[in-house]
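Novice: This is the structure I want to talk about, given as structure tokens.
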Amino acid sequence: MRRTLIALFFVLFSLFNFAAVGLKINILGSENSKKLIDDLTRSLISLLPSEVYMELTTDGLIVFASPVTLNVEESYELFFNVTYDATQERFDASWVENNQIVYSCSYSKKDQRPYSEFVRECTHYPLEKASMWLLKNNKFDSYLRITYHPSVDEYATFSPDGRYFAFITDRLSGNRNIALLELNEGKMSILPVAGSSEYFPRFSPDGKRLAFQGSLHGFWNVYVMPIENYSRNISLISAGNNPAYCPNWYDENTVVYVQDAERSNALYSATLAKKRTKLNIPSEFDMVFSPTVYKGTIYFVGLKDSDFGIYALTPNGSVVTIENSFFNEHDPAISPDGRYLAYSCNSTGYYTIWVKDLYTEEKWCVTKDIPHDAFYPAFSPDGKLIAFSVYEGSYEPDIWILRFTPASSNLEAQSAPGS
């Protein structure tokens, strides 16, 4: 094992050009826990971001260390403790920081989930701690992976004031809840809603509320809740017995969403006072999805003739084609200045994130270096970052962030739909 780790050290040496945050990890366990310790160590090394310095110690012996010349601005010391109960064939593991248990997990051969997921769960805590520090301090290169837990992590969104970052996760009891990351603190909390699963969280323009798709009443509805004291003030926005989903904000007092009908579905708007209006979408569309809004123009995914494309419903009621190639386009997101459209497309043989300049019509792939399906892009409020979900092989999706560099920023702006 030690010889393998030394080999990995030299392979990874060239990847470490600089570092901003350090992890000093002390692993403690019995001989019966050796396999888990070895697997945890391999997982940590293989997934370690290039901007992170790491020193791994097992039973007092350093088995891995990043190059000592790296510049570490802040360091965390963590202890991983694991025990094995042979009678139950059960591992019990915990992460300890500042003499307090900060995360615990367990695994038995009788569990339905695979052992590899347990290893990933053991691995996630220090990696997420480091990645959130990198995000908070803006200390990463082109891409930054935010989540490493084996759970589902997807549907990311930024608050307009840049304070919060939210996404959906099922790491709490296997139920999908909204995870809320305070960007200034680098701390994450989960907002469980009793009796419900949540999807598609979206911040209001003032950053004080979240709209989301939930199952609080037994089927999909659209709800709005404040961030402060959220569970006491959840408001039902949609109406009727047909599923409602894919909410987004039209303005501070109005939400747009999709609701199923007997044969198709339709776009609706609803005020916080629950005045609901069906929006006029041409009958040429078999179905519509994923509305997002910029200054009164509603961008949406439209399905017609078995083809998915992105369209815009302008304030004057006309529908404009934005992107409808031979391939399927999904998940529209508009940059804060209204110039760029980010979306997912399978033109490369799998789904990647693309950006289109709505002024110049130029478009390019921004996740070409990530050889896995990517969906659900979301711009940061300053337009410099795009968050998205990556689906790696058989693993559940994780949240990534990329730096966005406009390819056409030096070109003269024309006009976007609805401008």
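The values are calculated or read from the model by the stated rules, or taken from the named source; none is laboratory data. Keep in mind that what you see is a predicted model, and the values were worked out from it rather than measured. Note that we place each Cβ from the backbone using ideal geometry, even for glycine, and neighbour counts take in every protein chain shown.
Novice: Please find, among LEU358, LEU341, the residue that is over 18 Å from SER290 (Cα atoms) and buried (at least 18 other Cβ atoms within 10 Å of the Cβ).
Specialist: Working: LEU341 fails: over 18 Å from SER290 (Cα atoms).
From the options LEU358, LEU341, the qualifying one is LEU358.
Novice: Checking ASP357 against (1) touching a residue at least 60 places away in the same chain (Cβ under 8 Å); (2) farther than 30 Å from TYR125 by Cα; (3) not β-branched (Val, Ile, Thr), which single condition isn't satisfied?
Specialist: (1) is the only condition that ASP357 fails.
Novice: Please tell me if TYR53 is under 22 Å from TRP133 (Cβ atoms), modelled with pLDDT of 95 or more and of a type outside the set (Val, Ile, Thr).
Specialist: Values: under 22 Å from TRP133 (Cβ atoms): yes; modelled with pLDDT of 95 or more: no; of a type outside the set (Val, Ile, Thr): yes.
Taking the combined requirement at face value, the residue does not satisfy it.
Novice: Oh, and also: Which of the strands (runs of 3 or more DSSP E) contained wholly in the range 68-150 include at least 2 residues that are at pLDDT 95 or above and over 26 Å from PHE388 (Cα atoms)?
Specialist: Strands (runs of 3 or more DSSP E) meeting the threshold: 74-85, 90-97, 100-108.
Novice: Can you work out which of the residues in the range 243-273 that are at pLDDT 95 or above and charged (D, E, K, R) is nearest to LYS295 (Cα to Cα)?
Specialist: Of everything passing the filter in the range 243-273, ASP251 is nearest to LYS295 (Cα to Cα).
Novice: Just one of GLU73, GLU97 is charged (D, E, K, R), surrounded by fewer than 16 Cβ atoms within 10 Å (Cβ to Cβ) and within 14 Å of ASN26 (Cβ to Cβ); which is it?
Specialist: Numbers: GLU73 fails: within 14 Å of ASN26 (Cβ to Cβ).
Answer to the selection: GLU97.
Novice: For the range 120-157, which residues satisfy the criterion of being at positive phi and surrounded by fewer than 21 Cβ atoms within 10 Å (Cβ to Cβ)?
Specialist: Initially, the range 120-157 is screened for residues at positive phi, giving 138, 155.
Residue satisfying the conditions is ASN138 alone.
Novice: Within the range 99-108, work out how many residues are in contact with a strand residue (DSSP E or B) (Cβ under 8 Å, 6 or more places away or on another chain) and either within 12 Å of LEU78 (Cβ to Cβ) or not small (Gly, Ala, Ser) (or both). Show your work before the answer.
Specialist: Taking the range 99-108 and keeping what is in contact with a strand residue (DSSP E or B) (Cβ under 8 Å, 6 or more places away or on another chain), we get 101-108.
Next cut, either within 12 Å of LEU78 (Cβ to Cβ) or not small (Gly, Ala, Ser) (or both) only: 101-103, 105, 107.
So the count comes out to 5.
Novice: Still on this structure, I have one more. Considering every residue within the range 167-182, establish whether at least one is in a loop (DSSP other than H, G, I, E, B), outside the structural domain of ALA20 (by TED's automatic domain parsing), touching a residue at least 40 places away in the same chain (Cβ under 8 Å) and more than 26 Å from GLY22 (Cα to Cα). Please lay out each step first, then the result.
Specialist: To start, the set of residues in the range 167-182 that are in a loop (DSSP other than H, G, I, E, B) comprises 173-174.
Restricting the remaining residues to those that are outside the structural domain of ALA20 (by TED's automatic domain parsing) gives 173-174.
Those still in the list that are touching a residue at least 40 places away in the same chain (Cβ under 8 Å) too: none.
No, every residue in the range 167-182 fails to be in a loop (DSSP other than H, G, I, E, B), outside the structural domain of ALA20 (by TED's automatic domain parsing), touching a residue at least 40 places away in the same chain (Cβ under 8 Å) and more than 26 Å from GLY22 (Cα to Cα).
Novice: Would you be able to tell me the number of residues in the range 239-255 that are over 22 Å from the mean Cα position of the chain (by Cα) and under 18 Å from THR314 (Cβ atoms)?
Specialist: Total meeting the criteria: 3.
Novice: Report yes if ARG113 is out of contact with any Lys or Arg (no Cβ under 8 Å at 6 or more places or on another chain) and surrounded by 15 or more Cβ atoms within 10 Å (Cβ to Cβ), otherwise no. So that I can check it myself, show each step before the final result.
Specialist: Working: out of contact with any Lys or Arg (no Cβ under 8 Å at 6 or more places or on another chain): yes; surrounded by 15 or more Cβ atoms within 10 Å (Cβ to Cβ): no.
It is false that ARG113 is out of contact with any Lys or Arg (no Cβ under 8 Å at 6 or more places or on another chain) and surrounded by 15 or more Cβ atoms within 10 Å (Cβ to Cβ).
Novice: Is at least one residue of the range 72-91 over 20 Å from ILE190 (Cα atoms), without any contact (Cβ under 8 Å) to a residue 12 or more places away in the chain and over 23 Å from the mean Cα position of the chain (by Cα)? Before the answer, list the steps.
Specialist: We begin by selecting, within the range 72-91, every residue over 20 Å from ILE190 (Cα atoms); these are 72-91.
Narrowing further to those that are without any contact (Cβ under 8 Å) to a residue 12 or more places away in the chain: 85, 87.
Those left that are additionally over 23 Å from the mean Cα position of the chain (by Cα): 85, 87.
Checked the range 72-91: at least one residue is over 20 Å from ILE190 (Cα atoms), without any contact (Cβ under 8 Å) to a residue 12 or more places away in the chain and over 23 Å from the mean Cα position of the chain (by Cα).
Novice: Which ones in the range 67-87 are under 21 Å from LEU40 (Cα atoms) and of a type outside the set (A, V, I, L, M, F, W, C)?
Specialist: Of all residues in the range 67-87, those under 21 Å from LEU40 (Cα atoms) come to 67, 75-86.
Result: PRO67, SER75, TYR76, GLU77, ASN81, THR83, TYR84, ASP85.
Novice: Shifting gears a bit: In the range 373-398, how many are assigned to a loop (DSSP other than H, G, I, E, B), modelled with pLDDT of 95 or more and surrounded by 17 or more Cβ atoms within 10 Å (Cβ to Cβ)?
Specialist: Here the count works out to 2.
Novice: Just one of SER196, SER204, SER108 is in the same structural domain as VAL52 (by TED's automatic domain parsing) and over 24 Å from GLU392 (Cβ atoms); which is it? Let's see the steps before the verdict.
Specialist: Details: SER196 fails: in the same structural domain as VAL52 (by TED's automatic domain parsing); SER204 fails: in the same structural domain as VAL52 (by TED's automatic domain parsing).
None of the other options fit; the residue is SER108.
Novice: Quickly run through the range 301-339 and pick out the residues that are modelled with pLDDT of 95 or more, charged (D, E, K, R) and in a strand (DSSP E or B).
Specialist: Residues satisfying the conditions are GLU323, GLU329, ASP331.
Novice: While we're on this one: What number of residues within the range 183-231 are in a strand (DSSP E or B), free of Cβ contacts under 8 Å to residues at least 24 places away in the same chain and surrounded by fewer than 18 Cβ atoms within 10 Å (Cβ to Cβ)?
Specialist: Residues flagged as in a strand (DSSP E or B), free of Cβ contacts under 8 Å to residues at least 24 places away in the same chain and surrounded by fewer than 18 Cβ atoms within 10 Å (Cβ to Cβ) within the range 183-231 amount to 3.
Novice: Can you pull out the residues in the range 22-43 that are closer than 18 Å to VAL102 by Cα and assigned to a helix (DSSP H, G or I)?
Specialist: Within the range 22-43, LEU40 is the sole residue that qualifies.
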